[in-house]
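Accompanying notes for the structure given below.
The values are calculated or read from the model by the stated rules, or taken from the named source; none is laboratory data. Just so it is clear, the model here is predicted, and its values are computed rather than measured. We place every Cβ from the backbone using ideal geometry, glycine too, and count neighbours over all the protein chains shown. With ligands, DNA and RNA removed, areas are computed over all heavy atoms of the protein, side chains included. Shrake-Rupley method; radii C 1.70, N 1.55, O 1.52, S 1.80 Å.
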Amino acid sequence: MRQFEVETGRRVQMLDITVEVQAAVKDSGVVSGVCHVFVPHTTAAVTINENADPSVVSDMDSFLSKLIPQDAGFRHVEGNSDGHIKSSLVGASETVFVENGHLVLGTWQGIYFCEFDGPRQRKVYVKVV
Amino acid sequence: MRQFEVETGRRVQMLDITVEVQAAVKDSGVVSGVCHVFVPHTTAAVTINENADPSVVSDMDSFLSKLIPQDAGFRHVEGNSDGHIKSSLVGASETVFVENGHLVLGTWQGIYFCEFDGPRQRKVYVKVV
Amino acid sequence: MRQFEVETGRRVQMLDITVEVQAAVKDSGVVSGVCHVFVPHTTAAVTINENADPSVVSDMDSFLSKLIPQDAGFRHVEGNSDGHIKSSLVGASETVFVENGHLVLGTWQGIYFCEFDGPRQRKVYVKVV
């Protein structure tokens with residue numbers, strides 16, 4: 001299992017971690033297999049989305065925050081229930097195939113770390129099998 | 001493949017199944033690998049979220065039920081279309097790493113079975129590779 | 001890694017691809033293992049849901065389109081931000097177990113390709129390990 005850290009700068013933020021995940025794949029020496037990415041946090045997630053136009057991820061950030069507002073009468077006193085819900089909807093793990101030592105992603109796909117209760121220092125786990 | 005049963009007591013409920021999944025990991029004898037959890041139902045799901053404060057999962061239950069109400073003019077006559085939609089959004093499978101024979105979860109993370117059309121007797125499948 | 005193509009006929013559509021995925025499993029020769037399905041597109045997804053009553057998937061289509069409308073003041077100029085958001089919520093990958101050379105699905109479960117910005121020619125990747 002490999003891991004790396006990411007530092008988020010805002011409460012809600014999507015960070016492209018494709019380069020870091022690809023580095024973990026290379027480091028594993030696996031030529032053909034499956035790469036699993038796992039986020040060990042309950043107010044963060046990992047997803048795959050477009051990496052060409054940055055307005056795609058900013059549209060997602062702002063729409064999700066409208067759909068699941070921070071103050072929606074939640075009981076959990078830490079004020080981050082919205083982040084927990086987003087985390088479960090987007091998901092803590094993602095699976096990408098590996099061929100010829102490289103992640104097999106579509107033309108426009110990047111792997112994103114989703115921060116839903118930052119800014120914080122966060123961890124990402126990667127395992128290639 | 002291992003499996004165990006869970007019995008839900010309400011229409012919508014999140015049950016912590018971390019102990020059962022960890023038992024399946026131990027039973028598999030795998031020391032280092034990947035644990036896949038799969039829910040063979042279309043109105044249930046599996047997710048990873050906070051296991052410390054129970055208000056986190058109750059906030060999620062009640063918010064999702066507000067976001068996706070049971071009676072939103074659906075055509076499916078069984079009255080559980082809300083459960084099918086929640087099932088696809090939260091997801092039928094989850095992947096967690098295994099090291100030293102144990103699930104590698106973050107400090108606050110637990111694995112939850114999500115019931116969206118209970119109460120029922122349900123199954124959970126686990127495979128460790 | 002195996003792959004096949006699907007052709008979608010509407011902007012938003014869920015296509016049952018269980019037969020195609022099962023064919024890829026058979027083709028792989030794997031008797032007991034794990035089947036990963038991956039969609040290399042950022043306005044599409046893969047999910048598992050009911051295959052008995054077609055109104056279940058049409059309910060999901062129309063509800064998701066109400067929840068995440070195409071014109072919600074997005075900045076991304078291609079007019080498909082709704083599709084990108086749905087893609088991240090439903091997810092680009094799905095994991096199903098394989099036993100005796102067959103996908104282990106619940107009685108009512110089918111694997112669906114989710115089109116969120118069609119009609120288009122799309123690809124699905126399958127890997128069985």
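The set of residues in segment C:53-65 that are out of contact with any Ser or Thr (no Cβ under 8 Å at 6 or more places or on another chain) and under 25 Å from A:VAL46 (Cα atoms) comprises C:ASP61, C:LEU64, C:SER65.
Among the residues of segment C:17-36, is there at least one that is more than 22 Å from B:VAL124 (Cβ to Cβ), touching a helix residue (DSSP H, G or I) at 6+ places or on another chain (Cβ under 9 Å) and modelled with pLDDT of 95 or more? Checked against the condition, which is being more than 22 Å from B:VAL124 (Cβ to Cβ), touching a helix residue (DSSP H, G or I) at 6+ places or on another chain (Cβ under 9 Å) and modelled with pLDDT of 95 or more, segment C:17-36 yields no hits at all.
Within segment A:53-76, does at least one residue satisfy the condition of being under 12 Å from the mean Cα position of the chain (by Cα) and of a type outside the set (A, V, I, L, M)? No; the residues of segment A:53-76 include none that is under 12 Å from the mean Cα position of the chain (by Cα) and of a type outside the set (A, V, I, L, M). Checked against the criterion of being more than 29 Å from B:HIS102 (Cα to Cα) and out of contact with any Ser or Thr (no Cβ under 6 Å at 6 or more places or on another chain), the candidates A:ILE68, A:ILE17 yield just one match: A:ILE68. The conditions of being within 14 Å of chain B (Cβ to nearest Cβ) and touching a residue at least 60 places away in the same chain (Cβ under 8 Å) are met by A:VAL126. Among the criteria (1) open to solvent by less than 30 Å² (accessible area, probe 1.4 Å); (2) part of a strand (DSSP E or B), the one C:LYS123 does not fulfil is (1). Filtering segment C:89-126 to residues that are among the hydroxyl-bearing types (Ser, Thr, Tyr), under 11 Å from the mean Cα position of the chain (by Cα) and closer than 18 Å to B:THR43 by Cβ leaves only C:TYR112. When B:VAL6 is tested against (1) of a type in the set (Val, Ile, Thr); (2) more than 24 Å from A:ALA45 (Cα to Cα); (3) within 13 Å of chain C (Cβ to nearest Cβ), exactly one condition is not met: (3).
At least 3 residues being within 14 Å of chain C (Cβ to nearest Cβ) and surrounded by 17 or more Cβ atoms within 10 Å (Cβ to Cβ) is the threshold, and among the strands (runs of 3 or more DSSP E) wholly inside segment B:26-119 those reaching it are B:33-38, B:44-50, B:93-99.
A:SER93: in contact with a strand residue (DSSP E or B) (Cβ under 7 Å, 6 or more places away or on another chain) and of a type in the set (S, T, N, Q), yes or no? Judged against the criteria, A:SER93 is a match. The requirement of being in contact (Cβ under 8 Å) with a residue 24 or more places away in the chain, away from chain A (no Cβ under 14 Å) and open to solvent by less than 60 Å² (accessible area, probe 1.4 Å) is satisfied by C:VAL21. In the condition set (1) touching a strand residue (DSSP E or B) at 6+ places or on another chain (Cβ under 6 Å); (2) within 27 Å of B:GLY79 (Cα to Cα), B:GLY9 is compliant with all but (1).
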